[in-house]
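This report concerns only the one structure given below.
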Amino acid sequence: MRAIGYYFPTPSEINYMTCLECEKELSYMDHRRSMELFQAELCPAHRKRMERFLAKSQVPAEAVMLYYGLRHAGIKPMLAWWDGKKTVDLAISRVKLNIEIDREVESLSFNEAMHELEGHLCSYDDGFTSIRIPHSLIRYQLGESVNGILRITEGLREKTRVV
Ligand SMILES: [Zn+2]
């Protein structure tokens with residue numbers, strides 16, 4: 001047996017693909033398109049709505065990947081959150097964490113990127129913590145990016161518990 005380049009899902013697998021927002025079933029092509037754009041299952045209507053939202057708010061597609069990744073992990077982040085002065089790419093209000101996607105940093109190794117992530121953790125007087133996460137880390141290591149944010153969120157939660 002050798003592996004072949006094309007993979008065709010069986011009908012039962014196709015049924016399994018539903019929109020994360022409305023649970024509408026996705027065709028295989030819609031599934032592919034949505035995964036390529038956002039690494040998340042969205043029906044054409046919700047995908048287009050998201051594309052328009054990104055164009056308007058200037059938030060990168062990686063923020064959407066992280067948004068659905070975090071939602072899947074049980075966290076409810078806010079996309080393109082207005083903090084009163086500027087639009088934050090992603091925010092987790094419960095632990096006062098602002099997440100900025102770094103569009104500049106290119107092709108870091110995974111370890112460098114994780115180091116960047118932990119290194120850019122800064123707290124401000126208003127109680128908010130801000131991190132910058134390289135876009136390539138999200139795009140190529142979404143699971144690890146989500147885990148990294150979960151660890152930071154857990155750390156912040158511990159801190160607020162102690163205070
Ligand atoms: Zn939908």
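Quick notes
- So residue 108, is it modelled with pLDDT under 90, touching a helix residue (DSSP H, G or I) at 6+ places or on another chain (Cβ under 9 Å), over 18 Å from residue 39 (Cα atoms) and outside any helix (DSSP H, G or I): yes
- So residue 74, is it closer than 17 Å to residue 153 by Cα, at pLDDT 95 or above and small (Gly, Ala, Ser): no
The values are calculated or read from the model by the stated rules, or taken from the named source; none is laboratory data. Since the structure is predicted, the reported quantities are computational estimates derived from the model, not experimental observations. Neighbour counts are summed over all protein chains in view; Cβ atoms, including those assigned to glycine, are modelled from backbone coordinates with ideal geometry.
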